[in-house]
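Colleague: Quick one: structure below, then a few questions.
The values are calculated or read from the model by the stated rules, or taken from the named source; none is laboratory data. Quantities reported herein were computed from a predicted structural model and do not represent experimental measurements. Using ideal geometry, Cβ is built from the backbone for each residue, glycine included, and neighbour counts are taken over all protein chains shown. The protein model used for the area step is the full one, side chains on, heavy atoms only, and it has no ligands, DNA or RNA in it. Shrake-Rupley method; radii C 1.70, N 1.55, O 1.52, S 1.80 Å.
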Amino acid sequence: MRPRSPQPYFLRRLSLFLLTWCCVLLLGLPHPLLAHPPVAPEARNPTGAALSRPPLGLPLADLQVAVPMELAQANDSQATTQVQEGMALYQAGRYQDAIALWQQAVDRYQGQGDRLGQAMVLNQMAQAYQALRQWEPAQAVISRSFALLEPATETSRSGLLLAQLWNIQGLSQLNQGQSEQAIRSWQRAADLYTRAGQKTGRLGSLINLAQAQQSLGFYRQAQAILLQVYQTLIQEPDSRLKAMGLLHLGNILRLTGGVNLAQVNTPLSSQQVLEDALGIAQRLQEPDLVATMLLSLGNTAWADRQLDRAIACYQQAQKMGSDALTHLQAGLNQLALTLDRQQWTIAPSLVPPLREQVQRLPISHASLYARLHLSQSLIKLLQVRSIDAQEILPELEAALAAARSLRDPRAESYALGYQGKVYEQVDAWTRAQTSTEQALLVAQNMTAPDITYQWEWQLGRILRRQHQPQLARVAFAQAYENLKSLRQDLIAVNPEIQFNFREQVEPVYRDYIDLLVPSGQFSTRRTAEVPHGNAANLIEARQVLESFRLAELTNFLGSNCLQPVAIDQIAQVHDAAILYPIMLPDRLAVIVSLPNELLSYTVDVTQDQVTEVVDRLRREWEKPYTSPQGKQLSQQLERWLIQPIDQHLSQAQIKTLVFVLDGNLRNVPMAALYNGRQYLIERYAVALAPGLTLLAPSPLKEKQFNALLVGLTQARQGFPELVNVAPEIQTIQSLMPSQVLLNETFTKKNLQTLVQAAPFSIVHLATHGQFGSTVDQTFILTWDGRLNVNELRNLLQTKNQAIDLLVLSACETAAGDERAALGLAGVAVQSGTRRTLASLWSVDDQSGAVFIRYFYEALVKGTGSSADALRQAQRLLLKNPSYRHPRYWAPYVLLGSWL
């Protein structure tokens, strides 16, 4: 899984460039001209928003399928010669001359009454017009060919020509933004090729169909089609078609994060598949194809944050490729990557040659999106004041003119939206609003929510800066609703998908919440009345926060398997308070849900200040001693989060605090907040939740527990031995009925077998593990490998009742990464268990064993909730002179149901 970064949302515009014919008809597959650059973390603009990546053409190659001249019914040697000479002209790029010669062949076949001969040559003419981007003449020729073929009695010959014609039709439709029509055309082509027994044509049509699905944002559907193609291609010898099929699959895997064992026999990754495609291209000795593969490998390396490797791939692509667009794309990717690395002094020097290359290109979809790509990089330079707005606006004017000339509404929307972005940067608010509204109208007219939400968000920012909060709220709300509708296919995929969550999605939620939560303190009682004003805003803000947490975790997991429940269906526990802190640019806001009251308060402290305090506090708590600085920082955080509601908590007789945390607040244990006299755990039971709609509270099902105890005591895979695991397991065995998998018996297969065989209420994993900022960096160590969060979900899924408690002993959260705690939340949600106990950092092995004994003893006694059991264990450690420091007792956190 790639770093989450929003990875679509954008149209994957296909660029057509047809090559060698040699008595062939092309299926109309696009050519490898442009590769998608991954969306890297963007330079933040003053509003905290990030710039969207323009939809660049997907790198594909032409697919050649031999069409024998016997398809023509008349034996006309002159017409045959004209067809073959036209093909030679086409190869030389002399498209108009080829069309003129083919028209003579059509006339000869027409004079002889040869309908199939006419259709064969008209298909070739249509593709020549497509190569010239002359869509109206191309469509006219396509219509003539349909008129000749569809009335005829279907034969194997006419069926093959008709299949090829549907492919050509699909390409015209996709290039004119008619993706849904293109899908239908390519499905027809695939069906006809299947009936004709033409494997190559069928595979080519399916690849095209996948690209049309992708252009509509249906990435999962596109991946399913390409996996179907892959299963056939891996049995075939090396060919250009095989290389292109693997290239498509490698790109979509980068976007969706890979494939698990349930879909194919072995897991697949983008890098693995693209390296296989590169090997085929090298064996075929096709330098331009090699360059295309290198571009995609560079994009995958970028998505994996292997930035030096990405640069090397782009540089190799420039050396290998002879095509001007390939060379330009490699340069554009290097510029974007330089900006990603915030090398602001280097980036401007890369712009002039790229600008010259773009301006030399004739108008085409490829050059249009290259210009948009360049414009986006220029806007990032504008954000850091490295260039002037007047250096960008002419590029966007040219892009707008080209988009309208080519009748490309998506490109037109992007050009207008980027204009609005430039004007927003220079505080030209009236022009910014006008351009953004125009961009929004174009996007709405073509029903493109993946673009629409971006301009709604931009419009909301602009309106807010013009002191129109009500209109801004409407715009933000519309963007939010569009994001919810896009969650399945856009947020759930890898952020490299050009739908960079942290830069393209997260700010939309934060900006909307920023507008909804009033400054100061506000409270609303729960009544039967319809809420209005600030009360309605507060209720909406809570709902947006829950949706934000759902989207964030969906994006992290790269999966849309999360099934939230409606917030109003969750019963409020009478003695628990739910706290939702959210860090805004200029203040810390906290929404608190009490049994009969919803309130909010804000603290005048910037996001950067909160982040600094939290990072310093985490470092202090991991030290082996208690420092005055640590207590001061902990007390500061307590004053921000708890002190403003102390009286409300007391009046409501609250016993448990449940935190739905934001940002790097997840990396510090709330239990160790200090008020100058006591730690928070001495006053309340404390639990965490990734969101109430994700893990709704539910009580422990039984007090007679049945546990599966799993662990490693021996050193494995570079991790040290855990000498206290054996006594830890023995302690739990003495307290409840248990089965054990220890050391070499702790394999993935054995774990799944036992979980499926018996209804365990507790699964205890005493092994090394880490919660990282990506799925791949989040794992549990087994004797025979590592379990990531998705594999853990598959292993722990059971037909029996859900597991009540998952304990992750000896695991830790990666330090210095504010997204790492998402790994812990991901494990809690994906495991399917009701609650998860884990630690935020690596704990002392001996103190950990003592804690586990205290926790299970409290759990078995059954005098309170699971959060109470955790609290009792932590307080007992706190009272032990050897373990008073928060390093020993604080890192343990309970996620999910606290009951």
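Colleague: On the given criteria, is Y95 farther than 30 Å from G417 by Cα and at pLDDT 90 or above? Give the steps one after another, and end with the answer.
Modeller: Values: farther than 30 Å from G417 by Cα: yes; at pLDDT 90 or above: no.
It is false that Y95 is farther than 30 Å from G417 by Cα and at pLDDT 90 or above.
Colleague: Can you find, within the stretch 266-298, the residue that is modelled with the lowest pLDDT among those that are under 15 Å from Y230 (Cβ atoms), of a type in the set (S, T, N, Q) and surrounded by fewer than 24 Cβ atoms within 10 Å (Cβ to Cβ)?
Modeller: Going through the qualifying residues, I end up with T266.
Colleague: Still on this structure, please answer the following. For the stretch 163-176, what are the residues that are open to solvent by 10 Å² or more (accessible area, probe 1.4 Å) and modelled with pLDDT under 90?
Modeller: The answer is Q173, Q176.
Colleague: Could I ask something else about it? Scanning for something of a type in the set (A, V, I, L, M, F, W, C) and open to solvent by 10 Å² or more (accessible area, probe 1.4 Å), does the stretch 420-428 turn up at least one residue? Spell out how you get there, then give the answer.
Modeller: Of the stretch 420-428, the ones of a type in the set (A, V, I, L, M, F, W, C) are 422, 426, 428.
Okay, now just the ones that are also open to solvent by 10 Å² or more (accessible area, probe 1.4 Å), so 426, 428.
Yes, the stretch 420-428 contains a residue that is of a type in the set (A, V, I, L, M, F, W, C) and open to solvent by 10 Å² or more (accessible area, probe 1.4 Å).
Colleague: Let me ask you something else. Have a look at A105, A100 and point out the one that is of a type in the set (A, V, I, L, M) and open to solvent by 10 Å² or more (accessible area, probe 1.4 Å).
Modeller: It is A100.
Colleague: Buried (at least 17 other Cβ atoms within 10 Å of the Cβ) and not hydrophobic (A, V, I, L, M, F, W, C): is that true of E612 in this structure?
Modeller: Details: buried (at least 17 other Cβ atoms within 10 Å of the Cβ): no; not hydrophobic (A, V, I, L, M, F, W, C): yes.
Answer is no for this residue.
Residues checked against (1) of a type in the set (G, A, S); (2) surrounded by 14 or more Cβ atoms within 10 Å (Cβ to Cβ); (3) over 35 Å from the mean Cα position of the chain (by Cα):
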| residue | (1), (2), (3) |
| --- | --- |
| Q717 | no, no, no |
| P737 | no, no, yes |
| L742 | no, yes, yes |
| T747 | no, yes, no |
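Colleague: In the stretch 254-265, is there at least one residue being open to solvent by less than 10 Å² (accessible area, probe 1.4 Å) and under 26 Å from R371 (Cβ atoms)?
Modeller: Yes; the residues of the stretch 254-265 include at least one that is open to solvent by less than 10 Å² (accessible area, probe 1.4 Å) and under 26 Å from R371 (Cβ atoms).
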